[in-house]
Amino acid sequence: MKYRSAMLGNAHGVFGWFAKRFFDHIRLDHDTENRLRETSKRGTLVYVMRTRSTLDYLFFNYLFLRVGLPLARFANGINLTFFHGFGHWIRYRWNRLLGQKETLVPGVDQLEGTILRQESALIFMRVRALTSERHANPGFIRRLVELQREREEPILLMPQLISWPRKPASKRQTLLDIFFGDRLASGKLRKFIHFIRSYNLASARIGEPIDLKDVIGTRGMER
């Protein structure tokens, strides 16, 4: 099953143009690429990011395509319908106008279905308040722990982020914070403006994987 949040399988169309224009300069060192490929063979990868961002999600989509990592087939709070192409977007909007609504499956159930198919997923730990509650459900990690108890193959949590150059944080809230979101959870407009100004200075950081099977086995996590 393919969800609208699934990462794109190729860098064509609008996504291809945008990614090659703004993301092509970012590289991972050779050792990191090899480490990630070896990690992907050990179990099911679940990428983890702090705050929901379509821009960051598209960046990692492009990076994973380039280095040959499993693509996320589900991510909470993301809709990539527009990037699947104009025809796909028109059909989607037309169906919505005709009242053909999709069955809304809770995000945690979408996550579970993805893992049961042994496909990768991505979890945003923080979702802005205006996003649908089903995408902000706090039970994602809990469901992964439950799934890990029922299977032998490890679920590997892979923390990752894009590092953007920022000014020192101020303790005082400014008008920009009020209208465009705070620096730690920027609104779409503020994020885009900052991206355009400093995209060529961004870098990708991917941490060491957290093996849920090992964590449950060695630390005795309670049910």
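Screening the candidates ALA72, ALA6, ALA19 for the property of being within 19 Å of ASN200 (Cβ to Cβ) and either in contact with a Leu (Cβ under 9 Å, 6 or more places away or on another chain) or among the hydroxyl-bearing types (Ser, Thr, Tyr) (or both) yields one hit, ALA19.
How about the stretch 21-39: which of its residues are in a helix (DSSP H, G or I) and within 15 Å of LEU55 (Cβ to Cβ)?
Once the filter is applied, which keeps residues that are in a helix (DSSP H, G or I) and within 15 Å of LEU55 (Cβ to Cβ), the stretch 21-39 yields ARG21, PHE22.
Here is the figure for the stretch 57-69: residues that are surrounded by fewer than 20 Cβ atoms within 10 Å (Cβ to Cβ) and not in a helix (DSSP H, G or I) total 1. Remark: GLU102 falls outside the filter, which requires a residue to be surrounded by fewer than 19 Cβ atoms within 10 Å (Cβ to Cβ), in the same structural domain as ILE26 (by TED's automatic domain parsing) and modelled with pLDDT of 90 or more.
Within the stretch 37-57, one or more residues are acidic (Asp, Glu) and touching a residue at least 40 places away in the same chain (Cβ under 8 Å). The lone criterion from (1) surrounded by fewer than 20 Cβ atoms within 10 Å (Cβ to Cβ); (2) closer than 18 Å to GLY77 by Cβ; (3) modelled with pLDDT of 95 or more left unmet by LEU147 is number (2). On the stretch given as the stretch 21-59, residues that are at pLDDT 90 or above, basic (Lys, Arg) and more than 21 Å from LEU111 (Cβ to Cβ) total 3.
The values are calculated or read from the model by the stated rules, or taken from the named source; none is laboratory data. All of these numbers come straight from a predicted model, not from anything done at the bench. As a convention, Cβ positions derive from the backbone with ideal geometry for all residues, glycine included, and neighbour counts pool all protein chains shown.
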